[in-house]
Amino acid sequence: MLTRLPLALAAALIALLLGHGTAASAAAPDAGVAVVALAEQQLGAVLDTRTAGDGALVRAVTPGGAAERLGLSVGDRIVSVNGRPLGDGDIERLLASAKGQVELLVLRDGRERRVSGVLDAGTREPAKRGCGYVTTLGTTPRSKESVFSALITMIDGESTPLTPVNRHELAAGRHVLIVDERIDPQRFNNAQRLQRQLMRRELRARAYKAIVVDIEPDRTYRVGARLHRDRLDRDGIRGNTFWEPVVWSSFASRCR
């Protein structure tokens, strides 16, 4: 099961995964590390709050949540809540003080738009009973389907444990996973490897991508990274469009 980690520890985890820190840095993570956090469950969106001065970037929208009803989309930037501009990662505080009703100023494709509506009252009960699993283990179909290894870094806004686990148990229903690709370096030529390194160094945790997975009871879902071989030019790699997270197989697996 997942354990909610303090924000500083979540930042340290991302630093570890990208090679920019050690376990000892958990109490004081590198200020340059990108932190992906769940903006209060009432909103139902996974946000990147590293550059809060430019707005909180919407990384994923939980199906059926308030963000979806408000019309938020992946790639939007929330710049104010009820007329109050975002400071340094304080969107949770602003949402908490909104008393259930919000008007958000959002940047989309360089244009401002306002959306308003009612937040969720709190955590919703799962629509289905039971539980299932997600995992990144298994021999991926590299040659046939161009699917390679991946790493699940967050689930529904909660950081996955520092200690590696074989699988994550989840309640049946829809969940938002944040995934990092682990595509074999030999799949890239020298120039492509350099571009990939530069992109990852620049984006850090913002290079991670979101996927929504519908968990059926007593079933395990294998998650991987699909390589788009037709997007391995400079623009495709620097724009981080050369891969996407996928569920590449699932199988029956009794969950307690």
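Among the conditions (1) out of contact with any Pro (no Cβ under 9 Å at 6 or more places or on another chain); (2) within 24 Å of residue 170 (Cα to Cα); (3) open to solvent by 40 Å² or more (accessible area, probe 1.4 Å), the only one that residue 128 does not satisfy is (1).
Take the conditions surrounded by 18 or more Cβ atoms within 10 Å (Cβ to Cβ), in contact with a helix residue (DSSP H, G or I) (Cβ under 9 Å, 6 or more places away or on another chain), touching a residue at least 24 places away in the same chain (Cβ under 8 Å) and on the phi > 0 side of the Ramachandran plot and apply them to residue 226. Does it pass? For residue 226, the condition - surrounded by 18 or more Cβ atoms within 10 Å (Cβ to Cβ), in contact with a helix residue (DSSP H, G or I) (Cβ under 9 Å, 6 or more places away or on another chain), touching a residue at least 24 places away in the same chain (Cβ under 8 Å) and on the phi > 0 side of the Ramachandran plot - is not met. In this structure, is residue 192 of a type outside the set (A, V, I, L, M, F, W, C), free of Cβ contacts under 8 Å to residues at least 60 places away in the same chain and either touching an Asp or Glu at 6+ places or on another chain (Cβ under 9 Å) or closer than 26 Å to residue 66 by Cα (or both)? In short, yes.
Just to be sure, is residue 161 open to solvent by less than 60 Å² (accessible area, probe 1.4 Å), more than 20 Å from the chain's Cα centre (by Cα), closer than 23 Å to residue 62 by Cα and not hydrophobic (A, V, I, L, M, F, W, C)? Taking the combined requirement at face value, the residue does not satisfy it. Consider segment 207-223 and keep the residues that are modelled with pLDDT under 95 and within 21 Å of residue 185 (Cβ to Cβ). The one that is surrounded by the most Cβ atoms within 10 Å (Cβ to Cβ) is 208.
The values are calculated or read from the model by the stated rules, or taken from the named source; none is laboratory data. Keep in mind that what you see is a predicted model, and the values were worked out from it rather than measured. Don't worry about glycine lacking a Cβ; one is built from the backbone with ideal geometry, like all the others, and counts go over all protein chains shown. Accessible surface areas use protein heavy atoms only, side chains included; no ligands, DNA or RNA. Shrake-Rupley method; radii C 1.70, N 1.55, O 1.52, S 1.80 Å.
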